[in-house]
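Heads up: the structure comes next, in structure tokens.
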Amino acid sequence: MTIDRRTFLKCSLCAPAAAVVPAVLMRAAFAAAPSDRVFVLLRLGGGNDGLNTVVPFEQDAYYNARPALGIGKGRIVELAGGVGLHPGLAPMRAAWEAGDLAVLQGVGYERPDRSHFVSTDIWHTASRDPQSRRTGWAGRALDAQAGTFGDRIPALHLGDEPLSLALVGETVVVPSVRDAERFTVRGGAKAAAILERLTNGKSGSDILETIRGSARRAYRTSERLSESLKGTRERAGYPQTPLGRRLWQIARLVEGGLGARIYAASLDGFDTHSRQAPVHDALMSTLGSALGAFYDDLKRNGMNDRVVLMTYSEFGRRVKENRSLGTDHGAAAPMFVMGGAAQGGLVGDHPSLTDLRDGDLKHHTDFRQAYATILERWFDVDARKILGAKYAPLPFL
């Protein structure tokens, strides 16, 4: 007979106190081995309105600040503590009820920068110092594990946008592809072999060596993606959206044995300065349907305990709606962490809606605490070396 982690948890609650296995040991016993663990990093580009994502629907101050944009109490997907999810995120309710969804509230950083570009760079590099923003926090984590990858692809960026700075390292090179199914190198193995012969294995030129290395990596990426996607299932249950397709491909690549430790993707369009309601509603539905399908897929196919997904955005929005029925650049906002290894629930209190700083919510949790938790408890690497300082982990893993 087999027993999964959830069943074990329920059974352990019925056992005599002396016989209950400590939670830390239980998680270690049922968690995937470090080399099998997968992390999915999902950016909500443009500055997501966290206040209409995780909604403090029991507070009058919310509706007073947003007479037009406030979401009616009857539409909220209630969680706990007087907060709930935007109705478009209803497909994520299953993960919440299973204890597989953590909601990190009030996340941000000191002296927030409201520039999209600067704040995104800060989140990607985990640094306020412009001179040190050459590599990303996840890229440095990959560098620290470089000797464990063998000939596997260490990470993969999926999307139309350039490679995320979060994945840029000093030594490890991460491929970025628009579509994993359609990524091919013209000429394939023949082109790679010709290039190798032309340079006789030793080009003597940095430029030629760079070209050859890039061609070799591109061909290897194409070959590995094709192998990992062979015989995979149709996109049953996933929405017909770019995000739905990318999450479906990530699930297939994990199942197909690509071996990448990190996947990154984005959902853009969150810069909602005017007429926010229809745009944000559509984005929340896109996000909720894709994440709900991804969670169901992983759970149904026995991969849920191997994969942890985290969402983030460069900043939240102001508390008060503006005259254009939108919201302007703000500060603190929530993050989601989803997966079988997640310790579900609310992490931190919802920020005060009346004790504000320049019209913004005050953060109480540094985003680098979330990174430190992933680094230490999921990847087993020294977070201080990656982040440059000590940040207290959070109780979501």
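Here, each number is a calculation from the coordinates, and none is a lab measurement. Just so you know, these numbers come straight off a predicted model, no measurement behind them. For neighbour counting, all protein chains shown are included, and Cβ atoms are generated from backbone atoms with ideal geometry for every residue, glycine included.
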Quiz item: What are the residues whose amide H is under 5 Å from the amide H of G345, where those residues sit 5 or more places off or on another chain and H is modelled from the backbone?
Solution: L101, A102, V103
Quiz prompt | Estimated vicinal HN-Hα couplings, Hz - segment 369-382 in sequence order (Karplus 6.51, -1.76, 1.60; Gly, Pro = x) | solution = 5, 5, 4, 4, 5, 5, 4, 7, 9, 10, 9, 6, 10, 6
Quiz item: Whole-Hz Karplus ³J(HN,Hα) for segment 312-319, in order, using 6.51 cos²θ - 1.76 cosθ + 1.60 and θ = phi - 60°, x for Gly and Pro?
Solution: 7, 9, 5, 6, x, 10, 4, 5
Self-check item: 20 Å Cα-Cα reach of K299 towards aspartates and glutamates, excluding residues that sit fewer than 8 places from it in its own chain
Solution: D4, D36, E97, D100, E234, E255
Quiz item: Sequence-distant or interchain residues sharing an amide H contact under 5 Å with F315, placed H: which?
Solution: G47, N48
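Can you give the local net charge around K73? Use residues other than it whose beta-carbon is closer than 14 angstrom to its beta-carbon, Lys and Arg +1, Asp and Glu -1. If you can, show how the numbers build up before the last one.
On the way: positive: R66, R75; negative: E58, D60, E78.
Result for the local shell: -1.
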Exercise. Using amide H atoms built 1.01 Å from N in the peptide plane, name the residues 5+ places from S266, or on other chains, whose amide H lies under 5 Å from its own.
Key: R43
Quiz prompt | Counted charge near Y109, where neighbours are those whose Cβ lies closer than 10 Å (Asp, Glu -1; Lys, Arg +1) | solution = 0
